[in-house]
Amino acid sequence: MDRTRRSFLKGLAIAGTSAAAAAVPVVSEASQARHAPEDAVGMLYDTTRCIGCKACVVACHEANDLPPDNRTDALHDQPQALNDRTKNIIKLYKEEGRRSYMKQQCMHCIDPACAGACMIGALQKREHGIVTWDPNRCIGCRYCQVACPYSIPKFEWESTNPRIVKCELCNHRIKDGGIPACCEVCPREAVVYGKYTELLAEAKRRQAEHPGRYVDKIYGEHDGGGTQVLYLSHVPFEKLGLPTLGEKSVPSLNRTIQHGIYKGMIAPAALYAVMGGVMLRNRKKNRDEEGGDA
Amino acid sequence: MSGHKATPVGGPLLTRTTGTLLAITLVGAALAIWRFAVGLGPSTGLSDGYPWGIWIAFDVVTGTALACGGYAMALLVYIFNRGKYHGLVRPALLTSALGYSVAAIGIIIDVGKPWYIWRIPVSVGKWNLDSALLEVALCVMTYVIVLWIELSPAFLEKWGEKSGLARGLGAFMDKALIWFIALGMVLPTMHQSSLGSVIMLAGPRLHGLWHTGWLPFLFLVSCIAMGYAVVVMESTLSSRAFGRVREDRMLVSLSNVIAFVLLVFVAVRLIDLVVTGKTALLFGAGGLSALFWVEMALFLVPALMLLAGRGHLGIGTMFRAALMIVFGGAMYRFDAYLVAFNPGPGWAYFPSVPEIVITLGLVAMEILVFIVLVKSFPILSGTRPAAAATK
Ligand code: SF4
Ligand code: SF4
Ligand code: SF4
């Protein structure tokens, strides 16, 4: 009995060490950057072409069956910001004689924080790398709202059966061979739809063709691990409200740590075994000391 | 079972205290029902900018850490082997079981579609293993059950007086218990650290003084200190309220370990800020810098108090140190989840009256059930007869 217990404890020590060792290679694998999927699609928005007509805002409402946001003005559909009735908005930046419009909707991140947050995958990167929301998997925890660095997912606060509302790149239209409503109606091709790689090439082409017109950067090429919606601008991107994120995606740090600790549940299992083992030993020791009492 | 035998406190269940607690609980419950009738918008101060408020930051994130008494005690008593079945374990377990149950209720009230919660444990194939919140959810669900099992001997002991089945179950539990206790140590280790991971994903929206890859570790370490502190306070307060003998010796003997834990917390935070080149924030972030230093002081000062008192630590000092740890730990969590979380310009959050009252109702319910259970079941030990029954 005693010998079995001792070898059992020795086994635990080995299990614990190997669990720690197993976690090491996993960390480096998990921290590798993600890339856009082969069939990725996206949008390219160019501030120099946008005239602020907001045709895309109206079209987005219609295409997505969203009620008009007339809460501030009963006569007009006039959203103040992205909200539970607005998946797309045009904002105006104006300062010292410089002005620019800005289109805001989901960025369809290559490594989305919202999808990293969501417990059973209501938000997920699905076909074409589009980040879509599944009503049957959403618990309404709103962790996606906490995590998204662009403040995109919105919640139906007034509903007793609330949904998450965000641009899903008109995936229902794409499925039927169409294109996003906002891109379809834009009179100036300020926002265009296309294959992700082609959009990136197009953005670079425009920058090369018009030296000095644009800020020397394509927002979304690397920002926050990259996004499938890309931006060209003649004013600094911070002015447009786009966050400065660095090249690493937001969820990559979490993944490195979570995967390191939980790969295959080896470490927790080892911890469990060690805890149980130590307590068995303690109980035995105490019994011996108490001389058979207990 | 050796040594300190736990006994029910006895006495009437309905007193002025319990009556008041019951009233607050019922008001909270009524408001919680109303919240489901009108939705989260009208009933709370929450918004798309601040999707999480006090129900998450206080009831769940802070509440479960305060409920780590069972974890901290089990860790210290069973793993460092400081006295088997010690008198502190059961009350600590009860507080934990109640704290976690209350947190679970808090989550049900907070989420938009609680009727889908059952899908989380059963949707194994859909689990998003990247999600720290999934891990928290699964662990907390399991841990609530494990805690009540860990506590079951207290109930079985009493029921065993009448029922043979309960007696048999009690004997079985006596043997099997350590495997539940072991689970009861692994689960909080996992989800308390994961609570740190959860808010780590806020990334750039969490202030640099709080955002670090060490968040999981810091959350884990702070919950151990908080758990211990709560046990100190609980032991002192319940010895007052129920006329029980205090468990000073045991707590004093653990104070060095806790002082060490506190110092590790302070050191890791500071060193990390230096290593990651964020020292400018230490004084340059206005009010948040001030909050940071208050948090640090609330960890450092009690550590020094516990160390200075080595050997002749008075219960007063220990109680004050514990109070500071509880405040420090609570503040750290509250700040990380709410105050240092910045969703951008134009957003503000202040809890609505119903949010506050529902939280108070949950706390009142927790205390109420604690009182009722210690009066009816053998949970507290160190009887000092007679005096007990009057309160
Ligand atoms: S922008 Fe936000 S909501 Fe859209 S994919 Fe990225 S993280 Fe998700
Ligand atoms: S609110 Fe819904 S979509 Fe957002 S993280 Fe929670 S479960 Fe996922
Ligand atoms: S892609 Fe569709 S949902 Fe997204 S902004 Fe454009 S119209 Fe709206």
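The values are calculated or read from the model by the stated rules, or taken from the named source; none is laboratory data. Bear in mind the structure is a predicted one, so any value in this text is a computation, not a measurement. Please note: Cβ atoms are built from the backbone with ideal geometry, for glycine as well, and neighbour counts cover all protein chains shown. What goes into the accessible areas is simple: the full protein's heavy atoms, side chains included, and nothing from ligands, DNA or RNA. Shrake-Rupley method; radii C 1.70, N 1.55, O 1.52, S 1.80 Å.
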>> Based on this model, can you work out whether A:CYS167 counts as in a loop (DSSP other than H, G, I, E, B) and within 9 Å of ligand 3 (Cβ to nearest atom)?
In response: yes
> Taking the stated definitions as given, is B:LEU26 assigned to a helix (DSSP H, G or I) and over 17 Å from B:ILE371 (Cα atoms)?
Replying inline: no
> Does B:ILE145 count as touching a helix residue (DSSP H, G or I) at 6+ places or on another chain (Cβ under 6 Å), open to solvent by 40 Å² or more (accessible area, probe 1.4 Å) and in a helix (DSSP H, G or I)?
Replying inline: no
>> If I go through the range A:164-173 residue by residue, how many of them are over 20 Å from the mean Cα position of the chain (by Cα) and either surrounded by fewer than 13 Cβ atoms within 10 Å (Cβ to Cβ) or within 16 Å of ligand 1 (Cβ to nearest atom) (or both)?
In response: 0
> Given the conditions (1) within 22 Å of A:GLY129 (Cβ to Cβ); (2) open to solvent by less than 40 Å² (accessible area, probe 1.4 Å), which single one is not true for A:ASP176?
Replying inline: (2)
> Given (1) closer than 30 Å to B:ALA37 by Cα; (2) among the hydroxyl-bearing types (Ser, Thr, Tyr); (3) over 13 Å from the mean Cα position of the chain (by Cα); (4) open to solvent by less than 20 Å² (accessible area, probe 1.4 Å), where does A:SER159 come up short, assuming only one miss?
Replying inline: (4)
> In the range B:215-273, which residue that is of a type in the set (Asp, Glu) and more than 20 Å from B:TYR332 (Cβ to Cβ) is surrounded by the fewest Cβ atoms within 10 Å (Cβ to Cβ)?
Replying inline: B:ASP248
> What residue, of A:LYS91, A:LYS103, is open to solvent by 50 Å² or more (accessible area, probe 1.4 Å) and part of a strand (DSSP E or B)?
Replying inline: A:LYS91
>> With the requirement that a residue be open to solvent by 10 Å² or more (accessible area, probe 1.4 Å) and near ligand 1 (Cβ under 9 Å from one of its atoms), what does the range A:117-126 give you?
In response: A:LYS125
>> Being in a helix (DSSP H, G or I), touching a helix residue (DSSP H, G or I) at 6+ places or on another chain (Cβ under 9 Å) and under 30 Å from A:THR47 (Cβ atoms) is the requirement here; does A:PRO243 meet it?
In response: no
> Which of the residues spanning the range A:237-260 are open to solvent by 40 Å² or more (accessible area, probe 1.4 Å) and more than 10 Å from every other protein chain (Cβ to nearest Cβ)?
Replying inline: A:GLU238, A:LYS239, A:GLU247
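Among the residues of the range A:177-189, are any within 16 Å of ligand 3 (Cβ to nearest atom) and within 24 Å of B:ASN128 (Cα to Cα)?
no
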>> Need pairs with beta-carbon distance below 6 Å; first residue within 14 Å of chain B (Cβ to nearest Cβ) and within the range A:93-115, second charged (D, E, K, R) and more than 16 Å from ligand 3 (Cβ to nearest atom); sequence gap 6+ or separate chains.
In response: A:TYR93/A:LYS239; A:ASP111/A:ARG34
> In the range A:134-152, which residue that is open to solvent by less than 30 Å² (accessible area, probe 1.4 Å), more than 8 Å from chain B (Cβ to nearest Cβ) and within 13 Å of ligand 2 (Cβ to nearest atom) is nearest to the chain's Cα centre (by Cα)?
Replying inline: A:CYS148
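Restrict the check to the range A:89-111 and report whether at least one residue is farther than 28 Å from A:HIS234 by Cα and more than 17 Å from the chain's Cα centre (by Cα). Steps first, answer last, please.
Taking the range A:89-111 first, the residues farther than 28 Å from A:HIS234 by Cα are none.
The answer is no; no qualifying residue exists.
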> Name the residues in the range A:261-275 that are among the aliphatic types (A, V, I, L, M), open to solvent by less than 30 Å² (accessible area, probe 1.4 Å) and within 20 Å of B:SER194 (Cα to Cα), would you?
Replying inline: A:ALA270, A:MET275
>> Give all pairs with beta carbons closer than 8 Å in which a residue from the range A:118-132 that is more than 13 Å from chain B (Cβ to nearest Cβ) meets a residue that is more than 9 Å from ligand 2 (Cβ to nearest atom) and among the small types (Gly, Ala, Ser); count only pairs at least 6 apart in sequence or on separate chains.
In response: A:HIS128/A:ALA40; A:GLY129/A:ALA36; A:GLY129/A:ALA40; A:GLY129/A:GLY42
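Among the residues of the range A:188-199, which ones are open to solvent by less than 80 Å² (accessible area, probe 1.4 Å) and either in a loop (DSSP other than H, G, I, E, B) or of a type in the set (Lys, Arg) (or both)? Please lay out each step first, then the result.
Quick first cut of the range A:188-199, residues open to solvent by less than 80 Å² (accessible area, probe 1.4 Å) only: A:190-194, A:196, A:199.
Within the range A:188-199, A:ALA190 is the sole residue that qualifies.
Which of the following residues is away from every other protein chain (no Cβ under 14 Å) and either in contact with a Lys or Arg (Cβ under 7 Å, 6 or more places away or on another chain) or at positive phi (or both): A:VAL191, A:VAL185? Spell out how you get there, then give the answer.
Values: A:VAL185 fails: either in contact with a Lys or Arg (Cβ under 7 Å, 6 or more places away or on another chain) or at positive phi (or both).
Checking each option against the conditions leaves just A:VAL191.
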> Within the range A:70-89, can one find any residue that is away from ligand 1 (no atom under 14 Å from the Cβ), touching a Lys or Arg at 6+ places or on another chain (Cβ under 7 Å) and modelled with pLDDT of 95 or more?
Replying inline: no
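In the range B:36-64, which residues are more than 23 Å from the chain's Cα centre (by Cα) and open to solvent by less than 10 Å² (accessible area, probe 1.4 Å)?
Here is the first cut: in the range B:36-64, the ones more than 23 Å from the chain's Cα centre (by Cα) are B:36-50.
Scanning the range B:36-64 gives B:GLY39, B:LEU40, B:SER43, B:GLY49.
Would you check if there is a residue in the range A:200-214 being assigned to a loop (DSSP other than H, G, I, E, B), within 14 Å of chain B (Cβ to nearest Cβ) and surrounded by 17 or more Cβ atoms within 10 Å (Cβ to Cβ)?
Within the range A:200-214, the subset assigned to a loop (DSSP other than H, G, I, E, B) is A:210-214.
Next, only the ones that are within 14 Å of chain B (Cβ to nearest Cβ) stay: none.
Within the range A:200-214, not a single residue is assigned to a loop (DSSP other than H, G, I, E, B), within 14 Å of chain B (Cβ to nearest Cβ) and surrounded by 17 or more Cβ atoms within 10 Å (Cβ to Cβ).
From the list A:CYS118, A:CYS144, A:CYS106, exactly one residue is under 29 Å from B:GLY53 (Cβ atoms) and within 14 Å of ligand 3 (Cβ to nearest atom). Which is it?
Details: A:CYS118 fails: within 14 Å of ligand 3 (Cβ to nearest atom); A:CYS144 fails: within 14 Å of ligand 3 (Cβ to nearest atom).
None of the other options fit; the residue is A:CYS106.
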>> For the list (1) modelled with pLDDT of 95 or more; (2) crowded, with 16+ Cβ neighbours inside 10 Å, I need the number of the one condition that B:PHE350 fails.
In response: (2)
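Would you point out which residue out of B:THR279, B:THR317 is closer than 22 Å to B:ALA72 by Cβ and either acidic (Asp, Glu) or open to solvent by 40 Å² or more (accessible area, probe 1.4 Å) (or both)? Quick ask: steps written out before the conclusion?
Numbers: B:THR279 fails: closer than 22 Å to B:ALA72 by Cβ.
The conditions single out B:THR317.
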> Counting only residues that are within 12 Å of chain A (Cβ to nearest Cβ) and of a type in the set (Val, Ile, Thr), which one in the range B:100-117 is most open to solvent (accessible area, probe 1.4 Å)?
Replying inline: B:ILE108
> Looking at (1) touching a helix residue (DSSP H, G or I) at 6+ places or on another chain (Cβ under 7 Å); (2) within 10 Å of ligand 1 (Cβ to nearest atom), which is the one condition that is false for A:PRO112?
Replying inline: (1)
>> For the range B:194-209, give me the residue count where each residue is within 9 Å of another protein chain (Cβ to nearest Cβ) and either under 22 Å from the mean Cα position of the chain (by Cα) or among the small types (Gly, Ala, Ser) (or both).
In response: 7
